[in-house]
Amino acid sequence: MSDINERGYSHPEVLVSTDWVAAHLDDPRVLVAESNEDPLLYPSGHLPGAVEVDWTRDLNDPLRRDYLDRDGFAELANRIGLSPETTIVFYGDRNNWWATYAFWVFRLFGHSNARIMDGGRKKWIDEERPTTRDVPVRPTSNYPAPERDDRRHRIFRDEVLEHVRAGGPLVDVRSPEEFSGERMHMPDYPNEGALRGGHIPGAASIPWSRAVDPASGTFLDAAALRAIYEGEAGLSAQEDVVAYCRIGERSSHTWFVLTYLLGYDKVRNYDGSWTEWGNLVGVPIER
């Protein structure tokens, strides 16, 4: 894959290469954070100096179906040594699926000084770069966390229903089997999570993984991404786009692609996604 700055992205600065990360491992202004689906990966070996941001333990409220609040985010930031001036670089397994999820949650709290390591954990390992099992001890910070702002990047069920009634564009980033209603969970996973299968009316089916090169795990260039999202799905950067999946994790990856790589001004992630929509009474479903 070509150099990041040569791929035609609207905001190439949000992506950094493995070379860049390797050169900044000892930079006190940079914090590297690993976010995975598989909780065993980080303790088995991670980038030197990288902290772990676990999606269930660190990003979600332990009781409510919601994300951590201002105090919770401040506690997390202070524990991992994050200040507002710190550049945090997320990476992880599954082609940065959970890394973009963590990136999205941090944006809800206004931390814009965030990056994604292109290619994720796979590319770093494939390049035989160093890993360690040592857990870093960083000096705690005093992060002045704001209240979480859901308005720009997040959308809720009632708003989604209005969006559907208005004929607004949606992109379903799940597998084709989930989109058709054949399955109610990802292939190779337990079939659970919703009482009904199918998709939200009017949604285009564009699986999240199509945005990356399967060999390297790096993001496709802007021309290839536009061919998928605009040529196939008919999306437009001028529209209000809603992305969803099962619980909002895969759709955060598509949210990242549309917002930062293609420069869409208004993309919202419906994190209630199919586990909520497929269980709601009376909402429309297509198959």
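Just so you know, all these numbers are worked out from the coordinates, no wet-lab data involved. Remember, predicted model here, so these are calculated numbers, not experimental data. For neighbour counting, all protein chains shown are included, and Cβ atoms are generated from backbone atoms with ideal geometry for every residue, glycine included.
Looking at the chain, send over the antiparallel percent of its DSSP beta bridges, to the nearest 5.
Details: 4 of 28 bridges.
Given both bridge residues lie in the chain, the antiparallel proportion sits at roughly 15 percent.
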Distance between the C-alpha centers of region 226-287 and region 127-152? Whole Å please. 27
Extent along principal axes [Cα atoms of region 209-287; Å; largest to smallest]: 41, 30, 22
Using unit Cβ charges (K, R positive; D, E negative) and no other charged atoms, how large, in debye to the nearest 20, is the dipole of the chain about its Cα centre? 360
DSSP bridge pairs, region 157-277: antiparallel proportion in percent, nearest 5: 10
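By the gyration tensor of its Cα atoms, with a ≥ b ≥ c the square roots of the eigenvalues, what is the shape of region 157-277: rounded for a/c under 1.5, prolate for a/b over b/c, or oblate? The partial results should precede the final answer.
Details: a/c = 1.92, a/b = 1.18, b/c = 1.63.
The shape class here is oblate.
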Let me have the relative contact order for the chain, percent, based on Cα pairs under 8 Å that are six or more residues apart. 21
With a cut-off of 8 Å between alpha carbons and a minimum separation of six or more residues, what is the relative contact order of region 1-104 in percent? 31
Can you sort H185, H11, H199 so the residue with the fewest Cβ neighbours within 10 Å comes first? H11, H185, H199
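How would you rank D213, D61, going from fewest to most other Cβ atoms within 10 Å of each one's own Cβ?
Working: D213 14, D61 11.
With the sparsest Cβ surroundings first, the list reads D61, D213.
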Cβ-placed point charges (K, R +1; D, E -1), dipole of region 4-126 about Cα centre in debye, nearest 20: 200
Please list the three semi-axes, largest first and in whole Å, of the ellipsoid equivalent to region 1-138, using sqrt of 5 times the eigenvalues of its alpha carbon gyration tensor. 23, 17, 15
Overall Cα dimensions of region 170-228 - principal axes, largest extent first, Å: 38, 26, 13
Pull out a ≥ b ≥ c, the square roots of the eigenvalues of the alpha-carbon gyration tensor of region 120-180, then state rounded if a/c is under 1.5, prolate if not and a/b is larger than b/c, and oblate in the remaining case. oblate
In the chain, with Lys and Arg counted as +1 and Asp and Glu as -1 at Cβ, which of these residues, G110, V135, A222, has the Cα nearest the positive end of the dipole, that is, farthest along it? G110
How large, in Å, is the chain by the Kirkwood hydrodynamic radius built from its alpha-carbon pairs? 19.3
